[in-house]
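Let me begin by presenting the structure, written as structure tokens, before commenting on it.
The values are calculated or read from the model by the stated rules, or taken from the named source; none is laboratory data. The structure presented is a predicted model; accordingly, all values stated were derived computationally and were not measured. Please note: Cβ atoms are built from the backbone with ideal geometry, for glycine as well, and neighbour counts cover all protein chains shown.
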Amino acid sequence: MSQCATQGDSQPRIAVDDRTHVLALTGAGVSAESGIATFRGAKGLWEGHRIEEVASPEGFAADPQLVWRFYSARREKAALAQPNPGHRALAALEERLGDRFLLASQNVDDLHGRAGSTRLVELHGNLFRTRCSECDREPFRDEKSYAAGPLPQCDLCLKQGRRALFRPHIVWFGEMLDPEDLRRVDEFLARPAERLIFLAAGTSGVVWPAAGLVDLARRRGAQTWLVNAEPAENSSRFHHFILGKSGEVLPGLLGVE
Ligand code: BV8
């Protein structure tokens, strides 16, 4: 693995031409410059609870009020945040590459969508969507806070005489990712490409199966890049590692400054 330029050195650039396909993967670090706390930055704790505790079906079953407090606080924070140059650089690259670009994000804060990304797979869901914890009604857009007061109930279930809580449309620890999302990523990587780039940014490489995407991409012959503020758990799996902040590195690296 080449440890590319760190901050301040001459800015490396990923050559992107009309033969190039790019799969990007982002994590919480890409939203850090928008003021959104990362997971491991808070030592994986929230109000003294381990993230895996509040972001799990067991946590929701044990204390749905606590979990709705956790997600309502993040909903409010994300709603006030603005996309940063890292989000915008990825949206600009999509603009340039069209269907030769796909962004798989672990982030649930909606900032990629608000930056203009449309070829986007939200692997872990979205803070601003709510669904029923029991029935298979479609998840719906929801910006409300449920930090206090009665917990939201599914009205469709109620009509059927059942009481069922609404839950955040988020993939919790211990839950499977949406197979359709994984198929979209798989399909993109399987397409014939003269040149395939895998670019990960702002992720500690701790959470699976997202952490394994770099290996999938390498098996497809991808040239792999990581942009991160510190070495990640899976840094050694990347051909190139750029130590830096995604909002500062991505515009120059992708030639969209
Ligand atoms: C599943 C929604 C089947 C919640 C999230 C294999 C091995 C080991 C464990 C497992 C495995 N397979 C499954 C597991 C269990 C588990 C897992 O991976 N656990 C980890 C903790 C070991 N995975 C699952 O449960 C997944 N489900 O596989 O189902 C199964 C189930 C059980 C057992 C086997 C199989 C579901 C995972 C999805 C969980 N949901 N999010 C919510 O958001 O509320 S994950 C959560 O972590 C977020 O989505 C977050 O994005 C994600 C990953 O973290 P990062 O994004 O990387 O964030 P982090 O803070 O860690 O790192 C940020 C990085 O950015 C840092 O390195 C920092 O230095 C850097 N940075 C900071 N600022 C900047 C920056 N970089 C650049 N610029 C900056 N400015």
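When both residues are 6+ apart or on different chains and their Cβ atoms are under 8 Å apart, which pairs have a first residue that lies in segment 28-39 and is not assigned by TED's automatic domain parsing to the domain that holds Asn107, and a second that is of a type in the set (Phe, Trp, Tyr) and buried (at least 19 other Cβ atoms within 10 Å of the Cβ)?
none
In this structure, is Lys144 more than 18 Å from the chain's Cα centre (by Cα) and among the basic types (Lys, Arg)?
yes
So, Ser117, is that one of a type in the set (Gly, Ala, Ser) and either in the same structural domain as Phe198 (by TED's automatic domain parsing) or surrounded by fewer than 17 Cβ atoms within 10 Å (Cβ to Cβ) (or both) or not?
On the way: of a type in the set (Gly, Ala, Ser): yes; either in the same structural domain as Phe198 (by TED's automatic domain parsing) or surrounded by fewer than 17 Cβ atoms within 10 Å (Cβ to Cβ) (or both): yes.
Judged against the criteria, Ser117 is a match.
Quick one: how many residues across segment 214-230 are surrounded by 16 or more Cβ atoms within 10 Å (Cβ to Cβ) and either within 12 Å of the ligand (Cβ to nearest atom) or at pLDDT below 95 (or both)? Full working, then the answer.
So the first thing to find is which residues in segment 214-230 are surrounded by 16 or more Cβ atoms within 10 Å (Cβ to Cβ), and the list is 214, 216-218, 220, 222-229.
Adding the requirement that they be either within 12 Å of the ligand (Cβ to nearest atom) or at pLDDT below 95 (or both) leaves 226-229.
Residues flagged as surrounded by 16 or more Cβ atoms within 10 Å (Cβ to Cβ) and either within 12 Å of the ligand (Cβ to nearest atom) or at pLDDT below 95 (or both) within segment 214-230 amount to 4.
What is the number of the single condition among (1) at pLDDT below 95; (2) of a type outside the set (Ser, Thr, Tyr); (3) within 15 Å of the ligand (Cβ to nearest atom) that Arg75 does not meet?
Every listed condition holds for Arg75 apart from (1).
Could you tell me whether Leu23 is part of a strand (DSSP E or B), of a type outside the set (Ser, Thr, Tyr), more than 14 Å from the ligand (Cβ to nearest atom) and surrounded by 22 or more Cβ atoms within 10 Å (Cβ to Cβ)?
Values: part of a strand (DSSP E or B): yes; of a type outside the set (Ser, Thr, Tyr): yes; more than 14 Å from the ligand (Cβ to nearest atom): yes; surrounded by 22 or more Cβ atoms within 10 Å (Cβ to Cβ): yes.
In short, yes.
Considering only residues of segment 191-210 that are farther than 17 Å from Pro12 by Cα and out of contact with any Lys or Arg (no Cβ under 9 Å at 6 or more places or on another chain), which is surrounded by the fewest Cβ atoms within 10 Å (Cβ to Cβ)?
Of the residues in segment 191-210, the ones farther than 17 Å from Pro12 by Cα are 191-196, 202-210.
Those left that are additionally out of contact with any Lys or Arg (no Cβ under 9 Å at 6 or more places or on another chain): 192, 203, 207-210.
Values: Pro192: 6, Thr203: 30, Val207: 19, Trp208: 9, Pro209: 12, Ala210: 21.
The qualifying residue surrounded by the fewest Cβ atoms within 10 Å (Cβ to Cβ) is Pro192.
For a quick check of your reading: which strands (runs of 3 or more DSSP E) sit entirely within segment 188-257 and have at least 3 residues that are without any contact (Cβ under 8 Å) to a residue 40 or more places away in the chain?
Values: elements: 195-201, 223-228, 240-243.
Where strands (runs of 3 or more DSSP E) fall fully within segment 188-257 and carry at least 3 residues being without any contact (Cβ under 8 Å) to a residue 40 or more places away in the chain, they are 223-228.
Quick check: anything in segment 52-71 free of Cβ contacts under 8 Å to residues at least 12 places away in the same chain, on the phi > 0 side of the Ramachandran plot, more than 9 Å from the ligand (Cβ to nearest atom) and not in a helix (DSSP H, G or I)?
Of all residues in segment 52-71, those free of Cβ contacts under 8 Å to residues at least 12 places away in the same chain come to 53, 61-63.
Remaining after also requiring on the phi > 0 side of the Ramachandran plot: none.
Checked against the condition, which is being free of Cβ contacts under 8 Å to residues at least 12 places away in the same chain, on the phi > 0 side of the Ramachandran plot, more than 9 Å from the ligand (Cβ to nearest atom) and not in a helix (DSSP H, G or I), segment 52-71 yields no hits at all.
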